[in-house]
Amino acid sequence: MTATKVLFIGGTGIISSAASALAASRGMEVTLLNRGQSRREPADGVEVLTADVSDAAAVDAALAGREFDVVVDMIAFTPDQVQRDIDRFEGRTGQYVFISSASAYQKPVARLPITESTPLRNPYWQYSRDKIACEDLLEAAYRDRGFPVTVLRPSHTYDKWTIPAFGGWTAIDRIRRGEEIIVHGDGTSLWTLTHSSDFAVGFAGLLGNPLAYGDTFQITSDFVYTWNDIYSILGRAAGAEPKIRYATSRVIEDAAPDRTGQLTGDMAHSVIFDNTKIRRVVPDFAPVVPLHTAAREIIDWHDSHPELQRVDPAMNALFDGLLARDREI
């Protein structure tokens, strides 16, 4: 049997690094197309083509007319970017995989757990509305012309390079220094975290899988935490218990307009997912990495790579400003 030829547009991000590595380990011929600027190294045996995907001429030159069994775009966020892919790859690939987002589900969610049939509607976050528009475009292309799309909806996926909490390393730095941090709401909403290695199993099982054509799958873990738990687990791994104060999501976003929608349109809502569908199509999908195991790896990795310990002055100022406001009330 000939190995499936898979092109990843991107391929060195949180999700795509683990996914491309697993695909390659399973004997697929994996090619990455990206700018070559990621800190994550591609897996052994993976071909890397260098081009800016927004530069059509550079992409044409890099691909040189090649065809692939599967094309995965990890970095398409708007309908224009998806239409660019449709124009380029229609008739040249047997499957096009689009990475959407679980944040596209209706907010607030009417009922839990969330399934693939949960309505898509997010009036709070432009990122999510753009992903919905991308899905609409691809659904029409499949319905009207049989464009072989598979849509994936991951939720909050992380790896050792990332801090899976609002504030990132800045929050960890404050925790270690005994400084207070701000958590949205009262910290008790429920949040699902998925390790990238677990996501990759579900992902790889859909590549070249005829049962996935024209369909949509959410891929998340079953590990659900409160935000208080998340910060506590990360803090203990970093060697200190967090000192938490609370602010409403709206107050936080008002103080940080560049974050508009990230909390009110996503992280403030309890999200629990039903993964029956992906398990039915990919029977070996069974998430095994909980946060309390991954947290030590995350902190150790950052401690051994000081260049990753980036304290964001703007985030520090946001925390300090919200804390000062809270003390004045």
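Laboratory data are not the source of any read-out in this text; all were calculated from the coordinates shown. Nothing here was measured: the structure is a model prediction, and the numbers come from that model. Glycine gets a Cβ as well: all are built from the backbone with ideal geometry, and neighbour counts include every protein chain shown.
In region 136-233, the convex hull through the Cα atoms has an average projected area of 8.2 nm², a quarter of its surface area. Taking 8 Å as the Cα distance limit and 6 or more residues as the minimum spacing, I'd like the relative contact order of the chain as a percentage. 18 percent.
Close amide H partners of Val183, meaning residues 5 or more places away or on another chain with modelled amide H under 5 Å apart, are Arg245, Tyr246, Ala247.
Computed about the Cα centre, the dipole magnitude for region 160-269 is approximately 360 debye when only Lys and Arg (+1) and Asp and Glu (-1) carry charge, each at its Cβ. The residues neighbouring Val53, those whose beta-carbon lies less than 14 Å from its own, together hold a net charge of -4 under the Lys/Arg +1, Asp/Glu -1 convention. Highest mean packing first, where packing is the average number of other Cβ atoms within 10 Å per residue, the peptides 171-184, 248-261, 49-62 line up as 171-184, 248-261, 49-62. Computed from these coordinates, which is Cα extents along the principal axes in Å: (1) 96, 43, 42; (2) 63, 43, 39; (3) 64, 49, 39? So the calculated entry is the one marked (2).
Simple point charges give the picture: +1 on the Cβ of Lys and Arg, -1 on the Cβ of Asp and Glu, and for the chain a dipole about the Cα centre of about 500 debye. For region 1-70, the square roots a ≥ b ≥ c of the C-alpha gyration tensor eigenvalues yield an a/c of 1.5 or more together with a/b not exceeding b/c, which makes the shape oblate. Within the listed set Leu32, Leu308, Leu234, the residue fluctuating most in the Gaussian network model of the chain (springs between alpha-carbon atoms under 10 angstrom) is Leu308.
Mind jotting down the distance between the C-alpha centroids of region 274-329 and region 168-239, whole Å? Centre-to-centre distance over Cα atoms comes out at 6 Å. A crude spin-label estimate for the pair Leu211 and Ser38, with each label 7 Å from Cα along the Cβ direction, gives 2.8 nm. Summing Cβ point charges (Lys, Arg +1; Asp, Glu -1) relative to the Cα centre of region 61-145 gives a dipole of roughly 300 debye. A Förster distance of 30 Å, applied to the separation of the beta-carbon atoms of Thr50 and Ser304, puts the FRET efficiency at 0.60. Selection among Thr4, Asn275, Pro42 by position relative to the dipole of the chain gives Asn275 as farthest towards the positive end (Cβ unit charges, Cα centre). Residues of region 168-183 with an amide N closer than 15 Å to a point placed 7 Å from the Cα of Val311 along the Cα-to-Cβ direction: 168-181.
If you take the square roots of the eigenvalues of the alpha-carbon gyration tensor of region 107-149 and sort them as a ≥ b ≥ c, do you get rounded (a/c under 1.5), prolate (a/b over b/c) or oblate? Here region 107-149 falls in the oblate category. Based on Cα contacts under 8 Å between residues 6+ apart, region 19-106 shows a relative contact order of 21 percent. Looking at the square roots a ≥ b ≥ c of the eigenvalues of the Cα gyration tensor of region 202-273, which shape do they give, rounded for a/c under 1.5, prolate if a/b is larger than b/c, or oblate? Oblate, because a/c is 1.5 or more while a/b does not exceed b/c. Name the residue from Leu138, Ser155, Ile182 whose Cα lies farthest towards the positive end of the charge dipole of region 122-233, charges +1 on Cβ of Lys and Arg and -1 on Cβ of Asp and Glu. Going by the Cα projections, it comes out as Leu138.
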